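Below you'll find the structure, written out as structure tokens, and then a few comments.
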């Protein structure tokens, strides 16, 4: 039997924003908030929290771990909002072009869905302080383990709440990407 030797390049994946780490931070932000509206990120993260807290066979079976998770998610939601604001400032031209063909009502609905609610007025003016605070509060290794523990808890959740599991890895990758971006910017003391 003769092997198929077409011009296909083996073991190659095309460019993907998740692989770009600190190389193209504005592009990463654009991709994250293009794929998920702010409300979708909040809702999905709150769903993950509920599944993790209700899963007896997860890393959150002890009360201390549950308390840490709740505080971590509150900080993570604030980090997401800070990056949303930065994305709005840095990628506003792309967003206008993207929404150009939408009706006025659709643009208003998207704007309403994407309103930061957890940051103070001062933090909205300078979202970098929220990112810095997140990095000072949590070690990067802790954040990586917490995200993986949450992912595991949602995957193994067997409760009554119906959870769509088709996008769990994609959502995890987006969260992980924002966290990597945060630690990269704090490590290099650069602004996005």
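The values are calculated or read from the model by the stated rules, or taken from the named source; none is laboratory data. All values reported here derive from a predicted model rather than from experimental measurement. Here Cβ is always computed from backbone atoms with ideal geometry, including for glycine, and neighbour counts include all displayed protein chains.
Considering only residues that are modelled with pLDDT of 75 or more, in a helix (DSSP H, G or I) and surrounded by 13 or more Cβ atoms within 10 Å (Cβ to Cβ), which ones fall in the range 110-136?
Residues of the range 110-136 modelled with pLDDT of 75 or more: 114-136.
Applying the additional criterion that residues be in a helix (DSSP H, G or I) yields 121-125, 128-136.
The answer is 123, 124, 128, 129, 130, 131, 132, 133, 134, 135.
For the range 41-66, which residues satisfy the criterion of being surrounded by 16 or more Cβ atoms within 10 Å (Cβ to Cβ) and outside any helix (DSSP H, G or I)?
Within the range 41-66, 55, 58, 59, 60 qualify.
For the range 75-97, indicate whether the set of residues that are closer than 26 Å to residue 139 by Cβ, assigned to a loop (DSSP other than H, G, I, E, B), at pLDDT 95 or above and out of contact with any strand residue (DSSP E or B) (no Cβ under 7 Å at 6 or more places or on another chain) is non-empty. Lay out the reasoning, then the answer.
Our first condition is that a residue be closer than 26 Å to residue 139 by Cβ; within the range 75-97, this holds for 75-87.
Filter once more, keeping what is assigned to a loop (DSSP other than H, G, I, E, B): none.
No: zero hits.
Every residue in the range 152-175 that is crowded, with 16+ Cβ neighbours inside 10 Å and without any contact (Cβ under 8 Å) to a residue 60 or more places away in the chain, please.
168, 172
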